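Scroll down for the structure; my scribbles are underneath it.
Quick note: the coordinates plus some simple rules give every number you see, no bench work behind them. All of these numbers come straight from a predicted model, not from anything done at the bench. Here the Cβ positions follow ideal geometry from the backbone for every residue, glycine too, while neighbour counts run over all protein chains shown.
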C-alpha cells in the first residue's frame, strides 16, 4: 500500500471507487444514506450549486458522485438508456438491504433468492438508473458443485 492509498483509507475512501454520474447527485447522496446506510465523506458544490464532487462510504467501500454535465462528457444512465454496470455489495442480510432500498424508492429488478453458487442474491435499480446487487454468502461450494447447480438451473429453465 502506498502513501496515497493509506491517506485515502484513513478518510474512508477505497483505493478503487466507482464514480457515479447522476442528474441530482445531492438527492442521490441523500437516497444512498437512507437506502444503504451510506456515510457522507465529502460534498463539494460547484458554482451553479450542483455537486462537483461527492464521496460516500457504503458497507466498507466508497463511491464518488457528480452531477451530470453533458458539456463535459458526464452523463448518467438516464441519458444512456440504462447502465451496463452493476455495483455489487456483500451484505449480512440481502432481504433487509433490499427492503430498505425499495422502501427508499429503488425498483426491485431481481427478487432475493438462494442461488446455485451458494449466495442469497437480489438486485435493484436506484432512482438514477444505477444497478445494485446484494449477496449474502450462505454455502462455500466447490467449483464442481457450482457447475452442477448451474446445470440443474439451466435444465429446469429449459423445462419451463
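How far apart, in nm, are two points set 7 Å out from the Cα along the Cα-to-Cβ line at residue 143 and at residue 17?
Computed distance between label sites residue 143 and residue 17 equals 3.6 nm.
Report the FRET efficiency, 1/(1 + (r/R0)^6), for residue 43 and residue 92, where r is their Cβ-Cβ distance and R0 is 25 Å, rounded to 0.05.
Taking R0 as 25 Å, the efficiency between residue 43 and residue 92 is 0.35.
Expressed in whole Å with the largest first, what are the equivalent ellipsoid semi-axes of segment 53-149 derived from the C-alpha gyration tensor as the square root of 5 times each eigenvalue?
Details: eigenvalues 169, 43, 36 Å².
Each semi-axis is the square root of five times an eigenvalue, giving 29, 15, 13 Å.
For segment 112-160, list log₁₀ I(q)/I(0) at each q in 0.14, 0.15, 0.18 Å⁻¹, using the Debye formula over Cα point scatterers of equal strength and ignoring solvent, two decimals each.
-0.46, -0.51, -0.67
Considering every Cα-Cα pair within segment 1-81, what fraction, in whole percent, is farther apart than 16 Å?
Numbers: 1687 of 3240 pairs.
Result: 52 percent of Cα pairs exceed 16 Å.
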